[in-house]
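The values are calculated or read from the model by the stated rules, or taken from the named source; none is laboratory data. Keep in mind that what you see is a predicted model, and the values were worked out from it rather than measured. Here Cβ is always computed from backbone atoms with ideal geometry, including for glycine, and neighbour counts include all displayed protein chains.
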Amino acid sequence: MSYLDDSLRRKAIFFTGKGGVGKSTLAWATALACQRRGRKVAVVGWQPAGKPAPPALVDLGIPWLGLDTLTTFKEYALTLIKFERLYDSVLDNRVLRTFVLAAPGLSDAVIAGKIWELVNRGEYETLLIDMPSSGHAKAFFKSPLGLKKIFKMGFIARDTERVLNLFQSNDVRLDLVTLPEELPLRECQLLKGELQALHSFSFGYAHFNQCLPNFAAFEPTELDRLEGEVERFARAVSTEHAEQASRMAAHGLGLPTVKIPRFATAGWKASVQSTADFLEAL
Amino acid sequence: MKHKRLYLVGGPGGVGKTTLAASLGIALAQQGHRTVVLTVDPAKRLAQALGFTGFDSELQKIDVGGGELWATMLDTDHYFDRVISKFATSPEQRDRVLAHPLYKTMVENLGGSHEYAAMERLLEFVKDPRYDKIVVDTPPSDNAAELFEAPQRMADFMDNSVLKWFQGGGKLYLQLFKAGTKVAMGALKLIFGAEFLDSLGSFLADLEGMQAGFQKRNLEVLETLRSDQTSFVMVSVPSEARAEDCARFREMLKEKNIPLDRLVLNRLEPLPPEAPMDLPAGAKRLWEYQKSLHTQQKAWADAMEGAAPCETRRLYEKHGPLHDVANLSELGRLLLN
Ligand SMILES: Nc1ncnc2c1ncn2[C@@H]1O[C@H](COP(=O)(O)OP(=O)(O)O)[C@@H](O)[C@H]1O
Ligand SMILES: Nc1ncnc2c1ncn2[C@@H]1O[C@H](COP(=O)(O)OP(=O)(O)O)[C@@H](O)[C@H]1O
Ligand SMILES: [Mg+2]
Ligand SMILES: [Mg+2]
């Protein structure tokens, strides 16, 4: 099954990886590619309340859901205690703010609960979830386990169970994003191991992003025809291309890979569009 | 920048903070300063290349061929035990807190405990007269707020008014609540269950008295960051995405009154060498690609430099392995001069 076909049958896809590897770009590009096929999508991201959607997403016409802990907690609490006035007069104060931000694992678990709710509501057919970088992502996936130990009964116990089921559901996919470089790849391998130890996720693809394009490889005879600085440059790039290829061949992540070239752009919109075109053609 | 004592290397994820913090440390040590590098991000390969084997507890001397470089990798979980021991008002309190079932969860999950530990360790080095230069690599936080607000959050968590409210005894808070603590407690009980509230209440009670220590730390951290002995170095790569991140970072620094000493634009793609007219087609394609990468990046680099309230340094993408002392040292010297 192609990458896009697989994506089209999921209800949610988490993109995880180290900072700066291209999680946002891939989440957004996958959203764009799915949307072009008529799927109702939204991108989910972590963002303080009140901040507008990223301009590039607005420009591309992709719905954006920015999740904020306090707002999400308020929503959650309201479903349980029902009266907004009660919440405002009693709960929405400095004490609770501190409590929610600081109580063990609660802030992450609240967001996880919200994602469960979004998936369950079904307003969007596929959610593309742009995770925060590795450390925070681990804490996020771990949060229901911590809560499960503390809450044996009641609402939180029920909702924790739902979140755990969501993480392990076949409708949900967890993709890893990395660069074809040594250090980021190693970090990605560690991350996979740690995530695997938490839940039995349906891992999807390992994205090797920002690879040197294929035309960066040269035949030895081609290199022989070059000289001087030009030759040095071409040799350096060609060597790096070969190193990337061998690193990818031995990545050891145990997942199908998607190799995305580095596009010659430094702007949001162009890199998301180029990536979406590329993913569609896979 | 050369004459500062503390260098804080910050910026968005994946831009080269850990690499450049190591580079800076090596370059400073080689210039004859007794230097210590504190890294929070155990990028294993880099650490190994520097001959680095263990975790924090002890400092390790790194061989950089002349000069004195010490390095330490923060082990945040255990480090926090030390923080608690330091601020505990008695050995009994320390033991109670460390043994509380919620303690471990708090250290693991409390937003910013890594950031807090980094800031705490940083202060220890600042107070240690043995070091001429201190370089701190910041954790891979998603936003600057996490880094600077960690000590405040920690202090807030232990705020006495929160505890008093929890125990239902805070007079001040009783006045603020029209509906009263009882109703609030009822609502929280409905959500969290009585057992958890009791447990959290007892945990907060165990922490009582430690808040002053955390609050004081918060002020000390801010004071250190604002000092004219401190250089905040913001690392980024030139792109629209990272330009947005840097703008947010700058705003945060401004709000906290922390001056920005230098912007480093890392991993710039160089303009390829002048190509001969008769370049083979394959090579030509690569040339055009490289040129357009360079041009695209340059536009963002120029914009970012224009927006920066400080001096900017541009560092080019290095080909080949970047984890040996010679290569790192070269980057470090470029940064300093
Ligand atoms: N395939 C690609 N080609 C060119 N630029 C890319 C590509 N993928 C990502 N980028 C750029 O790299 C930077 C990091 O990507 P981003 O999606 O923000 O990473 P993350 O969300 O993991 O931090 C951004 O400037 C982005 O525009
Ligand atoms: N000037 C540079 N040239 C080439 N690669 C670099 C350069 N600076 C950093 N890197 C590489 O970029 C990646 C991310 O660097 P790292 O220091 O781990 O970033 P951070 O600590 O900001 O996440 C590493 O693979 C590192 O080797
Ligand atoms: Mg992102
Ligand atoms: Mg780092």
Seminar exercise, completed: residue B:266 meets each of (1) crowded, with 20+ Cβ neighbours inside 10 Å; (2) facing chain A (nearest Cβ under 8 Å); (3) within 16 Å of ligand 1 (Cβ to nearest atom) with one exception, condition (2)
Exercise. If you check B:118, B:144, which single one turns out to be within 30 Å of residue B:34 (Cβ to Cβ), modelled with pLDDT of 75 or more and within 14 Å of chain A (Cβ to nearest Cβ)?
Worked result: B:118
For this session: Kindly indicate whether any position in segment B:231-246 is within 16 Å of ligand 1 (Cβ to nearest atom), surrounded by 20 or more Cβ atoms within 10 Å (Cβ to Cβ) and among the aromatic types (Phe, Trp, Tyr).
Result: no
Seminar exercise, completed: Conditions (1) at pLDDT 90 or above; (2) within 16 Å of ligand 3 (Cβ to nearest atom) -> residue A:19 fails only (1)
Seminar exercise, completed: The condition of being within 12 Å of chain B (Cβ to nearest Cβ), away from ligand 4 (no atom under 16 Å from the Cβ) and closer than 29 Å to residue A:14 by Cβ holds, among A:195, A:212, A:185, A:223, only for A:212
Exercise. Has segment B:126-139 got any residue that is part of a helix (DSSP H, G or I) and either outside the structural domain of residue B:60 (by TED's automatic domain parsing) or at pLDDT 80 or above (or both)?
Worked result: yes
For this session: Please enumerate the residues belonging to segment B:221-248 that are under 15 Å from the mean Cα position of the chain (by Cα) and either in a loop (DSSP other than H, G, I, E, B) or more than 13 Å from every other protein chain (Cβ to nearest Cβ) (or both).
Result: B:221, B:222, B:224, B:225, B:230, B:231, B:232, B:233, B:234
For this session: Answer yes or no: is there a residue in segment A:245-257 that is more than 12 Å from chain B (Cβ to nearest Cβ) and polar (S, T, N, Q).
Result: yes
Problem set entry | Single residue of segment A:258-282 satisfying the filter (hydrophobic (A, V, I, L, M, F, W, C) and surrounded by fewer than 16 Cβ atoms within 10 Å (Cβ to Cβ)) that is farthest from the other protein chains (Cβ to nearest Cβ) | A:282
Seminar exercise, completed: Residue count, segment A:11-46, condition within 10 Å of chain B (Cβ to nearest Cβ) and within 16 Å of ligand 2 (Cβ to nearest atom), comes to 8
For this session: Being crowded, with 18+ Cβ neighbours inside 10 Å, closer than 22 Å to residue A:117 by Cβ and either within 16 Å of ligand 1 (Cβ to nearest atom) or not acidic (Asp, Glu) (or both) narrows it down to one of A:226, A:174, A:191, so name that one.
Result: A:174
